[in-house]
Amino acid sequence: MRLSPSAGGVARVALHHIVGPRLSMSAEAGLGATYLGAHPMTTAPPADAEVGFAWQLAVLARYFPIYERSGLTFGGGLQYSGLRLSDVPSTQMGAELRAGYYRWHNEERFWTLEFGLSIPLIEGLTLPNEFATPDEPASPTVERTWHYVRASLGMSFAF
């Protein structure tokens, strides 16, 4: 198992909807950039370190007690994300898990500090769409498999 160092930042915009006294749903969209060290996510690994454009869409359910001023919050849902690399873009669909702390200031304003983990269920490279001739294959063979599990630390403000 080989780990590649990475760091990045994503600005997220979300719409929260209170479903019940202890449950909320949110839809999120995020854009940003990610630095990825030498990595195997290429058709001929290893690839050099690079900075790529990152994006994510997510739908989450959260345990979020609205009758308490502060406390723990837990969330989970599905995410669809991508990272544009120089060789080929990487996309994934997976589970998004979050745990954190929230604080209500008044009826409409709150903030959260959350730790998140994105676990891929479906991931892969988007290869060029070229038609093959009988003499050569349609695309290069990927020499090894890879997994891109992401951890995050985020701060959210509701207004």
17 Å cut-off, amide nitrogen to a point 7 angstrom out along residue 158 Cα→Cβ, residues in region 24-61: 24-29, 59-61
Net charge contributed by nearby residues that have their C-beta within less than 9 Å of residue 75 (K/R +1, D/E -1): 0
Given a Förster distance of 22 angstrom, what is the FRET efficiency for residue 4 paired with residue 119, based on the Cβ-Cβ distance and rounded to 0.05? 0.85
Return the FRET efficiency for the residue pair residue 61, residue 33: r is the Cβ-Cβ distance, R0 is 35 Å, and the value is rounded to the nearest 0.05. 0.80
Could you list the trypsin sites (Lys or Arg not before Pro) in region 1-96 that lie in coil according to DSSP, counting only those with at most 16 other Cβ atoms within 10 Å of their Cβ? 2, 22, 69
Express in Å², to the nearest 10, the accessible area of residue 68 obtained by rolling a 1.4 Å probe over the protein heavy atoms while all chains stay in place. 80
For residue 64, other-chain or 5+-apart residues with amide H closer than 5 Å (H placed, Pro excluded) are 23, 24
Can you pull the accessible area of residue 150 for me, 1.4 Å probe, Å² to the nearest 10? 60
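The values are calculated or read from the model by the stated rules, or taken from the named source; none is laboratory data. Treat the numbers as computed from the prediction; the structure is a model and nothing was measured. Ideal geometry is used to build each Cβ from the backbone, glycine not excepted, and the neighbour counts take in all protein chains shown. The protein model used for the area step is the full one, side chains on, heavy atoms only, and it has no ligands, DNA or RNA in it. Shrake-Rupley method; radii C 1.70, N 1.55, O 1.52, S 1.80 Å.
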